[in-house]
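Read-outs throughout are calculated quantities, based only on the coordinates presented, and are distinct from any laboratory measurement. Small disclaimer: the values here were computed from a predicted structure and weren't measured. Neighbour counts are summed over all protein chains in view; Cβ atoms, including those assigned to glycine, are modelled from backbone coordinates with ideal geometry.
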Amino acid sequence: MRIHNNDTYAWKQTRLRILNRDDYTCQLCGTVDETGKSFDIDHIVPASAGGEDDDDNLRTICNKANRSKGAKTGPVRTTWFNPRWLDQI
C-alpha cells in the first residue's frame, strides 16, 4: 500500500518508526544523526519500480547518500545489527 506523502500523518508515523528501528543511522554509510533531520526514508525497491511503503522495503538513509543513489535499487540489508547495540549488553 502506498502512503508516501510527506504531509500525511501515516507517513510521519512510518518515518519515525523506521528512524527508530534503524537507530537514526544511515543504512548505507553509517552516519548517525539523533535528530533525524539529515535523513530521508528510502525505498529499497524504488516506488517507481513498484516498491511499497512496507517497513521491510524502507530504510534510513542520509541526504547525501540519497542524492547520490537516485532511483537505483540499493543493497538489501539482511540483518538489522547495529554495533552500538553492544554497549547495551
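Rounded to the nearest 0.05, the FRET efficiency derived from the C-beta distance between THR8 and GLU34 at R0 = 25 Å is 0.55.
Rounded to two decimals, the Cα radius of gyration of the stretch 9-73 over 2.2 N^0.38 Å is 1.02. Ranked by the mean number of other Cβ atoms within 10 Å per residue, highest first, peptides 28-35, 51-58 order as 51-58, 28-35.
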